[in-house]
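Structure first, then comments.
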Amino acid sequence: LRESTPVRYDERRNCWDVFRYEDVHYILKNPALFSSKRPISDMENLLIMDPPRHSQMRGLVNQAFTPKAIAALEPRIADIANELLDEAAARGGMDTVHDFSGPLPVIVIAELLGVPARDRKLFKEWSDVLVTGPQMNTEEALRAVMAERHEAMRKLGGYFTGILGKRRGKREEDLISLLLDAEIDGQKLTDQEVLSFCILLLVAGNETTTNLITNAVRYMTEHPEMQEMLRRQPDLMPAAVEEVLRYYPPIQAIGRVTTSDVELGGQLIKAGSQVVNWVASANRDGAKFEDPNTFVPDRKPNPHLSFGFGIHFCLGAPLARLEAKIALNLLLERFGHIARSGEEELQPIQSPFVFGVKSFPV
Ligand code: HEM
């Protein structure tokens, strides 16, 4: 498709697909022509805002998400990962998703936000519902999932409103307190904005990081020599994580809507059209990456688009990178050889935009 129809209209889905690196990059770099405003959530949030509102909001939340603040989390992330691996060691194995890559980002974000440990189980239940897709692609299944999500969102909303009230009275050392204090030109976030941002962090950050870690474990069990190499040279892990992101991107595509008629790849795309930018294809474009279908653990440079590009570049990228690096290095350090267990066929997550598996026993 990248070669034969790099920009094509799909009548059945009523949208345009874009497959080449150069075109996807161009689109993500031009928010004035390709808007992020899409009706995919009940609540307004950063991901679906355009400038100037987006620049304001992003400036505000950047204050709470600085690289320095994220780097300071390293010891705590290692503690959480080690606790999860202690349990796995005691059992002699684990399901990567259920026991390790799933809980890790949820616990980290819960702590960051200031959710007390006693509420964590509830919190995980609601967060999971927000990102779980339907088991079948029928309209009935879809409707059931939407209803369930709506209910989880309502519960999470109520829960965060409670925490917000408490932090208004007394600040703590957590992200919610920081968000309540952050301001630009004397302007602060409203409660509704803080709430919708917290929910965005859960939706955008948890399943994606889970899939990144699982995809890396999957690659290392398919290529045991990679385990050996990374165990000997843990400093290579950050580059290897980037290559997992390029090779098995947790998010396969990024959506935009045209604001006026645009010509791209010899096609005329009318104003108001949905455009699906296939990151998974761009990341394997031979015009940008040498030997694109080969996994090169120390590939440099590695300008993959798995965290997006431009003004909406993933806010949580430093956190996801840090969690993956810590989790994978600890896994290799503590276990001599990691192999898949069981014979079951891999069950892909049922979504055209997510790349990951539902379970991965090792
Ligand atoms: C934006 C991917 C982890 C929070 C994005 C975008 C992508 C992405 C592709 C851009 C979407 C667009 O342009 O429309 C990923 C992947 C992750 C990950 C692959 C893990 C491997 C996280 C984490 C958090 C997070 C851990 C937070 C805790 C966000 C937010 C945005 C975003 C808030 C919106 C930024 C904006 O619109 O300015 N992410 N993400 N992400 N991500 Fe991530």
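Every number here is computed from the coordinates shown, using simple stated rules; none is lab data. Predicted, not measured: the structure shown is a model, and the values here were computed from it. Here the Cβ is made from the backbone with ideal geometry for all residues, glycine too, and neighbour counts use every protein chain on show.
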> Between Arg168 and Leu1, what is the label-to-label distance in nm when each label sits 7 Å out along the Cα-to-Cβ direction?
Replying inline: 4.7 nm
>> Give me the one-decimal nm value for the distance between modelled label points at Val357 and Arg154, 7 Å along each residue's Cα-to-Cβ direction.
In response: 3.8 nm
> So, how do all the Cα-to-Cα distances of the range 55-175 break down into 10 Å bins, in percent, from 0 on up?
Replying inline: 11, 31, 36, 20, 3
> Hey, if you drop one equal point scatterer on each alpha-carbon of the range 248-310 and run the Debye formula without solvent, what base-10 log of I(q)/I(0) do you get at q = 0.15, 0.23, 0.26, 0.28 Å⁻¹?
Replying inline: -0.58, -1.01, -1.13, -1.21
> Which value, in Å to one decimal place, does the Kirkwood hydrodynamic radius take for the range 25-114 when every pair of different Cα atoms is included?
Replying inline: 16.3 Å
> If each of Asn14 and Arg118 carries a label point 7 Å out from its Cα toward its Cβ, how far apart are those two points in nm?
Replying inline: 5.0 nm
> If the cut-off is a Cα-Cα distance under 18 Å, which lysines reach Lys37, setting aside same-chain residues fewer than 8 apart in sequence?
Replying inline: Lys29, Lys270
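Only four residue types carry charge here, +1 at the Cβ of Lys and Arg and -1 at the Cβ of Asp and Glu. Report the dipole size of the range 115-226 about the Cα centre in Debye, rounded to the nearest 20. Mind dumping the intermediate values first?
On the way: 15 positive and 18 negative charges, 108 e Å.
Value, rounded to 20: 520 debye.
Assuming R0 = 35 Å, can you tell me the calculated FRET efficiency for the pair Leu346 and Ala287, based on Cβ-Cβ distance, to the nearest 0.05?
On the way: r = 31 Å, r/R0 = 0.87.
Approximately 0.70, to the nearest 0.05.
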> Can you give the Rg and Dmax of the range 1-59 based on its C-alpha atoms, in angstrom?
Replying inline: 14.1, 41
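Between His223 and Gln187, what length comes free when the chain is fully extended (0.36 nm per residue of separation minus the Cα-Cα distance, one decimal in nm)?
Working: separation 36, 0.36 × 36 = 12.96 nm, distance 5.16 nm.
Result for the pair: 7.8 nm of gain on full extension.
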>> Can you tell me the convex hull volume per residue for the chain, based on C-alpha atoms, in Å³ to the nearest whole number?
In response: 148 Å³
>> Please give the Cα centre distance for the range 250-273 versus the range 289-341, rounded to the nearest Å.
In response: 28 Å
> Which one of Pro297, Ala271, Gly336 is farthest out on the positive end of the charge dipole of the chain, using unit charges on Cβ (Lys, Arg +1; Asp, Glu -1) and the Cα centre as origin?
Replying inline: Ala271
> Regarding the range 258-362, what whole-number volume in Å³ per residue does the convex hull of its Cα atoms give?
Replying inline: 174 Å³
> What is the dipole size for the chain, taken about its Cα centre, with +1 at each Lys and Arg Cβ and -1 at each Asp and Glu Cβ, in debye to the nearest 20?
Replying inline: 680 debye
>> Looking at the chain as a GNM with Cα springs under 10 Å, which of Met94, Met43, Met57 has the largest mean-square fluctuation?
In response: Met43
>> Counting only Cα atoms, I'd like the Rg/Rh figure for the range 290-341, Kirkwood definition for Rh.
In response: 1.06
